[in-house]
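Here the structure is laid out as structure tokens; the discussion comes afterwards.
Since every read-out is calculated from the coordinates, none of them should be taken as a lab result. Because the structure is a prediction, the values reported are computed rather than measured. Here Cβ is always computed from backbone atoms with ideal geometry, including for glycine, and neighbour counts include all displayed protein chains.
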Amino acid sequence: MLFIAFSFIAIGCSEEMLSPGWVDFEVSGSDVRVSGSGVSWKTFSSKIVGSGWECVDTKEILDDGSLSKSSYWPRDGGGPAAYYFDESLLTKFYSVMADLQNPDRCSIIPYRYEDSAVVPEKGEKMVIVKVSGDRFSCVEFLGYAFLGFDKEPKLTYGYSTYKRMSDKKLSEYRTEYSEKGGN
């Protein structure tokens, strides 16, 4: 199993992006762990649970551990998801381009919170790095980069910042994305 350790600092990020400072994390296969004390369940449940969250920016984590200078989004065929967390269920609102085959464009997924990470029953985990005011930052799986038919796909991770939605905005997401058919 491929094991890569990254240390990175945000240099030249947009003002909207929270600087991670030095963050050490390990990627082993599809598992991501962030070193340090992380964000406790108490902080997660009091600051993040019960709110909707929209992506402000995502920077791809490059092979050398640095962050890309440009935003990861928009990408052809993709866009960032938005989230709503309750105590044990995660609602994921997919971007229109990311999930054209899902007419409801959202999924409601059971999750658990452990070691500073949201671990959904299905899908990739999101490691919460920092919570500050109406924002949180995380390391999350972005997808696969295919390097050719004779090579293994490369796992792509990003450092993302999410901003709390207003109640009105969350209501608009719920209406537009229709949670009635969430899987």
What's the local net charge at L67, with K and R +1, D and E -1, over the other residues with C-beta under 11 Å away?
-1
Protection proxy (average C-beta count within 10 Å per residue), highest first, orders 146-156, 115-125 as 115-125, 146-156
Proximal lysines relative to K169, as straight alpha-carbon distance under 27 Å, when same-chain residues fewer than 8 apart are discounted:
K42, K47, K59, K92, K122, K125, K130, K180
Highest mean packing first, using Cβ neighbours within 10 angstrom, the peptides 56-62, 82-88 sort as 56-62, 82-88
Within the under-11-Å Cβ sphere about R164, not counting R164, Lys/Arg +1 and Asp/Glu -1 give a net charge of +1
